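Below: the structure, in structure tokens.
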Amino acid sequence: MPAPATAAIDTSAVNARLAAAIEAAEARAWADMYAAAPADFARTAGVSARTVAGALVISWAATGRRYFSRAIGLGVVEPVTPQALDEILAGYAAAGTNMFLIASQPHCQPAEFESWLRERGLEAFDAQDRVIRGSTPLRDGDRQQTTERGLAVERVTAATADEWADFIQRVYQLHTGAWLQALIGRRGWQQYVVREAGEIVAARGMFVTPAGVAWSGMDGPVPGLGTEDFEPDARLWEAIVADGLTAGAQMFIADIEAPSPELDTPAYDYFARLGFRRPYVRTHWRLP
């Protein structure tokens, strides 16, 4: 993909109320995703979700992956207490899960939150840049000119669900049973793939909440981490924003999972071109 050619992405902050709405929307998406897991699979794989202090606490024990066992919105949706934090940690300990994440961000309350994490032995692990967009229509120049690669974006249907699910499982090295297929046709969800020469090379999902907030994730391979080819993800985002706006989305939210302090990877370029800004950074904390 060509090097970034536009100005740096807007980093204007958001207030605590909007941050809470953003985190609550992501939590809604993950809660619905985990609720879609077939009961037998969820029981065997240790898939669960619960709410503590307004935050969604998810767990997928079988993966051993921190990202699938974490707290979303803790200290943002509502202030957290030491007791609530201890409840979350105790729940993971009781399940034998030590590979989990707790997120912090500038809006977390109270101010002692990060010191409480340190006191309990957690340490900063990584960071992600939150990116958001409103409902402004796309402009004629927001889509990049077609390249010679012939990348083609399509929605996943029942006919292509197994092919998409196989691709996601290979990329993430996960076993999901029939879980992923259960998302196809589920209310609020759309899954997308990019094909090159007929083969799937990238995928992303979108969940639109009843309030009209479109969360996007399930991206594979993750640009900047799983691949240095950012162009397929850029094509996916053009389709997701266009479809989301048509569906009445009032806001789009996602993360740049391989952040750059200089805001200079291709991801910042296509997000900025499509009208996104980066209002805050989330830091993930883990047990060493």
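Between the residues PHE125, ALA49, PHE100, the greatest Cα displacement towards the positive end of the dipole of segment 1-130, with unit charges on the Cβ of Lys, Arg, Asp and Glu, is found for ALA49. What you get for segment 204-288, charging only the Cβ of Lys and Arg (+1) and of Asp and Glu (-1), is a dipole of about 420 debye around the Cα centre.
In the full protein context, segment 162-288 carries 37 Å² of accessible surface per residue, based on a 1.4 Å probe and ignoring ligands, DNA and RNA.
The charge dipole of segment 183-253, taken about its Cα centre with unit charges on the Cβ of Lys, Arg, Asp and Glu (plus for the first two, minus for the last two), comes to roughly 460 debye. Taking every protein chain into account, the accessible area of segment 37-148 amounts to 49 square angstrom per residue (probe 1.4 Å). Available extension along the chain between ALA93 and ASP140 is 11.7 nm, counting 0.36 nm per residue and deducting the alpha carbon span. Basic side chains Lys and Arg get +1 at the Cβ, acidic Asp and Glu get -1 at the Cβ, and with that the dipole of the chain about its Cα centre reaches some 680 debye. With N counted as the residues of segment 1-85, its alpha-carbon radius of gyration over 2.2 N^0.38 Å works out to 1.40. Each Lys or Arg adds one and each Asp or Glu subtracts one; over the other residues with Cβ under 12 Å from the Cβ of ARG235, this totals -2. Taking ALA49, ALA211, ALA61 in turn, the Gaussian network model of the chain (Cα-Cα springs below 10 Å) assigns the largest fluctuation to ALA211.
Once the Cα gyration tensor of segment 169-229 is diagonalised, what are the square roots of 5 times its eigenvalues, in whole Å and ordered largest first, as equivalent ellipsoid semi-axes?
Details: eigenvalues 92, 44, 28 Å².
Equivalent ellipsoid of segment 169-229: 21, 15, 12 Å, largest first.
Globularity index of the chain is 0.98 (Cα radius of gyration / 2.2 N^0.38 Å, N = number of residues). In a Gaussian network model over the chain where Cα atoms closer than 10 Å are linked, find which of ASP32, ASP166, ASP255 has the largest mean-square fluctuation. Highest fluctuation of the listed residues: ASP166. For segment 214-244 versus segment 47-100, the inter-centroid distance based on Cα atoms is 27 Å.
With Cα atoms defining each centre, segment 132-173 and segment 259-288 are spaced 20 Å apart in the structure. Helix-only arithmetic for the chain: the sum of -39500 (n - 2.57) across DSSP H runs with n ≥ 4, divided by the residue total, places the mean residue ellipticity at 222 nm at -9000 deg cm²/dmol. A simple count of charges around GLU26, restricted to other residues whose Cβ falls under 13 Å of its Cβ and scoring Lys, Arg +1 and Asp, Glu -1, yields +1. The portion of the accessible surface of the chain made up by carbon and sulfur, rounded to a whole percent, is 52 (1.4 Å probe; DNA, RNA and ligands excluded).
The values are calculated or read from the model by the stated rules, or taken from the named source; none is laboratory data. In this text, all values refer to a predicted model and were calculated from it rather than measured experimentally. Using ideal geometry, Cβ is built from the backbone for each residue, glycine included, and neighbour counts are taken over all protein chains shown. Note: accessible area is taken over every heavy atom of the protein model, side chains too, but ligands, DNA and RNA are not part of it. Shrake-Rupley method; radii C 1.70, N 1.55, O 1.52, S 1.80 Å.
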